[in-house]
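Participant: Dropping the structure in here first, questions after.
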Amino acid sequence: MSAGCNDSSGYAGRATAGTGGAGGASGTGGAGGASGTGGRGGASGSGGGAGTGGATGTDGGAGACGEPASCEGYENSPDAGLTAVVTCLSPSAVPAGTPATIAIYGHHLAIAAGSPAIVTLDNGTPFNGVPATACHLDVELPASEIPTPRTASVVVSPGSWIRDSDPVQLTIQ
């Protein structure tokens, strides 16, 4: 099951059907949803307006969760002032009591190729998030960590100079 992403990180990203994405760094308009149109670009540094809605129907479902269109690559300088931003999890819901592999998408998720980020579930056991790119981590969760249905918080800690992400929700069914 894939969930749509509403990228509110300040980067143009994916959006659910009929919703424009957030504006980019130089007033770039947001990306459109599966049936919607993108937002209008703003002044330098401000976000674009919301896009117009598309009708739900043929190809009007939620957009797929995936790597942001504007992935910025690896950055690990002390003066960059970066924070990891998670835009979506795929899947966003997993069955309880079975092992699961979660793809985490966003910005500044790892400090370098081949350098794992730490991913924690409910501030518990740390797991290695293996970077596929600077904007995509994969993490394997053993069945013992997701034994019962609940909503769990996922936090990405890239390490070095990059600050931890805000928590995002993973549904365990």
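Participant: For the range 104-173, which strands (runs of 3 or more DSSP E) that fit wholly inside it have 3 or more residues that are open to solvent by 70 Å² or more (accessible area, probe 1.4 Å)? Step through it out loud before you land on a result.
Facilitator: Numbers: elements: 117-121, 126-133, 136-141, 150-157, 168-172.
Fully inside the range 104-173 and qualifying: 126-133.
Participant: A follow-up question, please. Checking Glu67 against (1) in a loop (DSSP other than H, G, I, E, B); (2) modelled with pLDDT of 95 or more; (3) of a type outside the set (Ser, Thr, Tyr), which test does it fail?
Facilitator: It is condition (2) that Glu67 fails.
The values are calculated or read from the model by the stated rules, or taken from the named source; none is laboratory data. Not measured: the values here are computed from a predicted model. Ligands, DNA and RNA are excluded from the accessible area calculation, which covers all protein heavy atoms including side chains. Shrake-Rupley method; radii C 1.70, N 1.55, O 1.52, S 1.80 Å.
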